[in-house]
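Encoded as structure tokens, the structure appears first; notes follow it.
The values are calculated or read from the model by the stated rules, or taken from the named source; none is laboratory data. Note that the coordinates shown come from a computational prediction; the quantities given were computed from them, not determined experimentally. Here Cβ is always computed from backbone atoms with ideal geometry, including for glycine, and neighbour counts include all displayed protein chains. Note: accessible area is taken over every heavy atom of the protein model, side chains too, but ligands, DNA and RNA are not part of it. Shrake-Rupley method; radii C 1.70, N 1.55, O 1.52, S 1.80 Å.
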Amino acid sequence: MTRLHRLPAVYMRGGTSRALFFHAHHLPAARAGWDPIFLAALGSPDPNGRQLDGMGGGISSLSKIAVIGPPTRPDADLDYTFAQVQVDTPVVGYRGNCGNISSAVGPFAVEEGLIAPQGDEAVVRIHNTNTAKIIEARFPLRDGLPAVDGDFLLQGVAGRAAPIRLAFLSPGGAATGRLLPTGRALDRLDVPGLGVIEASLVDAANPVVFVAAASLGFTGTESPSALSDPAHIAIFERIRVAAALAMGLVTTPREAETTLRNLPQVALLAAPRDAPAADGSTLAAGEMDLLVRMISAGQPHKASPLTGALCLAVATRIPGSLAEGLARPRGPQDDIRVAHPSGILPVAARTRLEEGALIAEEAVVYRTARRLMEGRVLYPGPD
């Protein structure tokens, strides 16, 4: 018999995504017990793709979960586990992180009393268990709580808010253990039904396969809706599966198609050129250093996924990569201005050479976040 269960939860926006946040101690001790709760709470699987019977929003950026618990590393203030819930299939993915949702973790921890920062700024060191990486979040406080008002404009989100600085420390090898999983800055992927294409396979913050938009017949200025044509989606998926195999993320195509549907992200790159924005304005070529269109969990994004943008920033610092070849040259301390469908996102990356190997030291970006609802989420489940 099925009944409605009630579980304490907070609904938060982080960057251009939203997620249900749970305390780890409110969930089953065994990870196997999490998936049915997350699927039911968000309304998955929904063959209509809307998640109307749950808190999800029918697209990958609105179908996310964050679990917060005590730190399991001495250099962290807390643990954060990210879960990507598929909309149309009963799959919950834990491989890889969401940078947007990462921006809401620090404010959540302060508001929940998990940490008690002093002064007018909080510094929260977050251990992301998905990638075993540390993220340092800095954001202003007001009366001991995260500031809401501010002048930072995050494109893709209405209004201005207080900025959150996210520094992803040592982001290389987040999923594969290597910044360049194949050991090469440029690879040739044999994609079924498409042939051999050039691609850069980079793993920083999250693994991404970078492809020149022109090699697929695109300009890099296409809207997400234009890229959502089923024929295009099928091509992007074949590229993702081929890249997942080459990066060692999976051992069979079937595994990539069923259990690892959100990684690697697919990025179409183009050199700077005038491009339309979602609000009807034009992004001028001189305002950007690189054009990108990102596909994650099978959906073209209206704004670049944060981890994808961070990986892209690192990729522009890798000699011989597609990103480095297409991007406008920038100084080692300069931001990389990434143009995406909703605007321009400044990101930064620092790298160094160590015994002939390129090391990603840090990738930095700014976001905003806000608590939206608190209380209990109701979800159907067995007695």
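On the stretch given as the stretch 10-29, residues that are open to solvent by 20 Å² or more (accessible area, probe 1.4 Å) and of a type in the set (F, W, Y) total 1. Could you tell me whether the stretch 243-255 includes any residue that is under 26 Å from R328 (Cα atoms) and either open to solvent by 10 Å² or more (accessible area, probe 1.4 Å) or at pLDDT 95 or above (or both)? Within the stretch 243-255, one or more residues are under 26 Å from R328 (Cα atoms) and either open to solvent by 10 Å² or more (accessible area, probe 1.4 Å) or at pLDDT 95 or above (or both).
The set of residues from the stretch 346-380 being in a strand (DSSP E or B) and either on the phi > 0 side of the Ramachandran plot or among the acidic types (D, E) (or both) comprises E354, E361, E362, E374, G375.
Among the residues of the stretch 198-231, the one identified as open to solvent by 50 Å² or more (accessible area, probe 1.4 Å) and at positive phi is G217. Only one of the numbered conditions (1) open to solvent by 10 Å² or more (accessible area, probe 1.4 Å); (2) over 15 Å from the mean Cα position of the chain (by Cα); (3) β-branched (V, I, T) is violated by V124, and that is (1).
What number of residues within the stretch 183-197 are surrounded by fewer than 19 Cβ atoms within 10 Å (Cβ to Cβ) and assigned to a loop (DSSP other than H, G, I, E, B)? Selection size over the stretch 183-197: 6. Criterion first (part of a helix (DSSP H, G or I) and either touching a Lys or Arg at 6+ places or on another chain (Cβ under 7 Å) or crowded, with 16+ Cβ neighbours inside 10 Å (or both)) does A234 satisfy it? Criteria not met by A234.
So that you can scan it fast, the table gives a plain yes or no per residue for (1) of a type in the set (A, V, I, L, M); (2) free of Cβ contacts under 8 Å to residues at least 40 places away in the same chain:
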| position | (1), (2) |
| --- | --- |
| R13 | no, no |
| A32 | yes, yes |
| P36 | no, no |
| L42 | yes, no |
| G49 | no, yes |
| D75 | no, no |
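Determine if the stretch 128-142 includes at least one residue that is in a loop (DSSP other than H, G, I, E, B), modelled with pLDDT of 95 or more and over 18 Å from the mean Cα position of the chain (by Cα). No; the residues of the stretch 128-142 include none that is in a loop (DSSP other than H, G, I, E, B), modelled with pLDDT of 95 or more and over 18 Å from the mean Cα position of the chain (by Cα). When the stretch 71-90 is filtered for residues that are within 15 Å of S60 (Cβ to Cβ) and open to solvent by less than 30 Å² (accessible area, probe 1.4 Å), the ones remaining, listed by number, are F82, A83, Q84, V85, Q86, V87.
Take the conditions (1) without any contact (Cβ under 8 Å) to a residue 12 or more places away in the chain; (2) touching a strand residue (DSSP E or B) at 6+ places or on another chain (Cβ under 6 Å); D229 misses just one of them, which is (2). Quick one: would you say V241 is free of Cβ contacts under 8 Å to residues at least 40 places away in the same chain and more than 30 Å from G356 (Cα to Cα)? The answer is yes for V241.
When R293 is tested against the conditions (1) basic (K, R); (2) out of contact with any His (no Cβ under 9 Å at 6 or more places or on another chain); (3) closer than 16 Å to L310 by Cα, the lone failure is (2). Residues in the stretch 284-303 that are under 24 Å from I359 (Cβ atoms) and in a loop (DSSP other than H, G, I, E, B): D289 alone. Selection over the stretch 304-345 of residues that are assigned to a helix (DSSP H, G or I) and either in contact with a Phe, Trp or Tyr (Cβ under 8 Å, 6 or more places away or on another chain) or closer than 23 Å to S102 by Cα (or both) gives a count of 12. Residue count for the stretch 237-269 under the criterion of being closer than 21 Å to V196 by Cβ, part of a loop (DSSP other than H, G, I, E, B) and of a type in the set (A, V, I, L, M, F, W, C): the result is 3. Scanning the stretch 30-45 for residues that are at pLDDT 95 or above, open to solvent by 20 Å² or more (accessible area, probe 1.4 Å) and either assigned to a loop (DSSP other than H, G, I, E, B) or closer than 17 Å to A104 by Cβ (or both) turns up just one, P45. Residues in the stretch 50-61 that are open to solvent by 20 Å² or more (accessible area, probe 1.4 Å) and either modelled with pLDDT of 95 or more or touching a Cys at 6+ places or on another chain (Cβ under 9 Å) (or both): R50, L52, D53, G54, M55, G57. Please work out if L154 is hydrophobic (A, V, I, L, M, F, W, C), out of contact with any Cys (no Cβ under 8 Å at 6 or more places or on another chain), surrounded by 23 or more Cβ atoms within 10 Å (Cβ to Cβ) and under 17 Å from L249 (Cβ atoms). So L154 fails the test. Here A162 meets each of (1) hydrophobic (A, V, I, L, M, F, W, C); (2) in contact with an Asp or Glu (Cβ under 8 Å, 6 or more places away or on another chain); (3) within 21 Å of L358 (Cβ to Cβ) with one exception, condition (3).
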